[in-house]
Amino acid sequence: DYLACAEALVGDLCIAGEGQLAAKGFSAGGVIAAAAVNRSPQLFSAMTLINSFLDVSGSMVDPSLPLTEHEYDEWGDALKDEIAAETIKRYCPFANISPQMYPPTLLVGTLDDTNVPYWHSSTYAVKRKEIMIQMREDAVDDHPSSLKENNDDVLLHIE
């Protein structure tokens, strides 16, 4: 498990300190990397997601997408199976973006990838930015210095 390995590197093995790891995911590996960062962002100093499958919940209910029906064996049929839908939602990176400090993130999407459309990266970037804007607005009255100016670094590159 990706997150367990990151925790071991920082904890028991003492190979890295908290916030000294970089997360990287490509295609379906982006699910694992982004889910780990959603759960424990303090472990990571940066994240790179390349053509990453980030909206699992949205994709698995859209049979018009190229791989949705093909992936039912692995992910489950979220349209017909409520347990599969809830399981997918629990680890879906897009569905679990929350108001917390994330590491700087590079998202790369491509216009010609038929398996993982570019909008996985772009909608993820937009949601991260929207949450950071809301966190800044909420912090103005409560703790104006609690958010660093550079902690909403999300760079989106579409090829």
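The values are calculated or read from the model by the stated rules, or taken from the named source; none is laboratory data. The structure displayed is predicted, hence computed values, not measured ones. Here the Cβ positions follow ideal geometry from the backbone for every residue, glycine too, while neighbour counts run over all protein chains shown. Calculation scope for accessible area: heavy atoms of the full protein, side chains included, ligands and nucleic acids excluded. Shrake-Rupley method; radii C 1.70, N 1.55, O 1.52, S 1.80 Å.
Could you list, in sequence order, the residues of segment 8-29 that are more than 18 Å from Asp153 (Cα to Cα) and within 18 Å of the chain's Cα centre (by Cα)? It would help to see each step written out before you state the result.
Keep residues of segment 8-29 that are more than 18 Å from Asp153 (Cα to Cα), which gives 8-18, 26-29.
Hits for segment 8-29 are Phe26, Ser27, Ala28, Gly29.
Each residue in segment 54-70 was checked for being open to solvent by less than 40 Å² (accessible area, probe 1.4 Å) and either under 19 Å from Ala33 (Cα atoms) or in contact (Cβ under 8 Å) with a residue 12 or more places away in the chain (or both), and 8 pass.
So that you can scan it fast, the table gives a plain yes or no per residue for (1) within 20 Å of Thr114 (Cβ to Cβ); (2) touching a strand residue (DSSP E or B) at 6+ places or on another chain (Cβ under 8 Å):
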position	(1), (2)
Thr48	no, yes
Ser52	yes, yes
Asp62	yes, no
Ile83	no, no
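Taking residues in segment 8-32 that are touching a residue at least 12 places away in the same chain (Cβ under 8 Å), and partners anywhere that are assigned to a loop (DSSP other than H, G, I, E, B) and open to solvent by 30 Å² or more (accessible area, probe 1.4 Å), the pairs with Cβ atoms closer than 8 Å and at least 6 places apart or on different chains are Leu9/Ile15; Val10/Glu18; Val10/Gln20; Ser27/Asn115.
Being among the polar types (S, T, N, Q), in a loop (DSSP other than H, G, I, E, B) and surrounded by fewer than 16 Cβ atoms within 10 Å (Cβ to Cβ) is true for just one of Thr87, Thr114. Which residue is that? Break it down into steps so the answer makes sense when it comes.
Values: Thr87 fails: in a loop (DSSP other than H, G, I, E, B).
When all the criteria are applied, what remains is Thr114.
Taking residues in segment 93-117 that are touching a residue at least 12 places away in the same chain (Cβ under 8 Å), and partners anywhere that are in a loop (DSSP other than H, G, I, E, B) and among the hydroxyl-bearing types (Ser, Thr, Tyr), the pairs with Cβ atoms closer than 8 Å and at least 6 places apart or on different chains are Pro93/Ser52; Leu107/Ser52; Gly109/Tyr118; Thr110/Tyr118; Leu111/Tyr118; Asn115/Ser27; Val116/Ser27; Val116/Ser52.
Of all residues in segment 1-49, how many are of a type outside the set (A, V, I, L, M) and crowded, with 20+ Cβ neighbours inside 10 Å?
Count: 3.
Just one of the listed residues (Ala34, Ala46) is closer than 22 Å to Cys5 by Cβ, among the small types (Gly, Ala, Ser) and assigned to a helix (DSSP H, G or I), namely Ala34.
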